[in-house]
Amino acid sequence: MPKTKHCLLIVDDEPNVCDSVHDLLRREFRVLKAHSAQEGYRLMQEEEVHIVMSDQRMPQITGVELLTGLKSRYPQAVRMLFTGFADLESVIAAINQGHVFQFIRKPWQPEELLEAVRQAAAEYDRLAQSASERETLLREIESLKGRVACLESVVERLTDHSAASGA
C-alpha cells in the first residue's frame, strides 16, 4: 500500500450513499463527501483529490456535466460515474469523450466498488508517473538544446579561426 492514502471525492445528493461509500472505503482511501456539485467543486479547490466519483442523476447538474467540468480544471483527477438508472447514451458519450475512467451501476457490490476504486487509484498513479517522466524529459531536452547551441558556437569559432589562419 502507498504511504499516503489516495483521496476520493464522492458526489451524490443522497447522504446515505456518501456515508456508505465512506464507510466502505475509509480504511484504504481518504474519502471526502459532497452532497451537491457545487460542494464538490469547492472541495476540489480546497483539497488534492485523486479520484472523483459522481452520481449521474442529481438536481441541477448531471454527473457527466460535473465530471466534464472537472476534467478541464483538474485533468489529473481520475473520474468515475455511477447511476441506478439506464441513462446509457450519456454514459457512453462521457466514456468515449474521456470524461469518465469507469462507469459503475447502482446498486454495487462492496467488493466490486472497492476494486473499481483501486483501479482508479492505480490509473492516477500511472498518469502521475507519466507526467513526472514527461517533465524530466522536457528538462533534459532543454538542457541538451543549450549544450548543442554551445557546441555550435564553438564549432563556428573554430571554423572562423581556421579560415582566418589559412588565408
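The chymotrypsin sites (Phe, Trp or Tyr not before Pro) of the stretch 18-99 that meet both conditions, a loop assignment by DSSP and at most 14 other Cβ atoms within 10 Å of the site Cβ, are 85.
With N as its number of residues, the stretch 108-155 has a Cα radius of gyration that, divided by 2.2 N^0.38 Å, comes to 2.17.
In this label model, residue 128 and residue 23 are separated by 2.9 nm, measuring between points 7 Å along each Cα→Cβ vector. Computed over the stretch 16-103, the P(r) curve from all C-alpha pair distances, binned at 5 Å from the origin, holds 3, 14, 26, 27, 19, 9, 1 percent per bin. With kT/(6 pi eta Rh) evaluated at 25 °C and eta = 0.890 mPa s, and Rh the Kirkwood radius from Cα pairs, the stretch 1-61 diffuses with a coefficient of 209 µm²/s according to Stokes-Einstein. Within the accessible area of the chain, the carbon and sulfur atoms contribute 53%, probe 1.4 Å, all protein chains present.
How much accessible area per residue does the chain have, in Å², with a 1.4 Å probe?
62 Å²
Measuring nothing but alpha carbons in the chain and taking Rh as the Kirkwood radius, the Rg to Rh ratio lands at 1.32.
If you plug the beta carbon distance of residue 92 and residue 118 into 1/(1 + (r/R0)^6) with R0 = 22 Å, you get a FRET efficiency near 0.40. Distance from the C-alpha centroid of the stretch 35-75 to that of the stretch 87-150: 17 Å, rounded to the whole angstrom. With N counted as the residues of the stretch 71-155, its alpha-carbon radius of gyration over 2.2 N^0.38 Å works out to 1.75.
The values are calculated or read from the model by the stated rules, or taken from the named source; none is laboratory data. For clarity, every value in this text was computed on a predicted model and none was experimentally measured. When we count neighbours, we look across all protein chains shown, and the Cβ atoms used for this are built from the backbone with ideal geometry, even at glycine. To get the accessible areas, we keep the full protein, side chains included, count just its heavy atoms, and leave off ligands, DNA and RNA. Shrake-Rupley method; radii C 1.70, N 1.55, O 1.52, S 1.80 Å.
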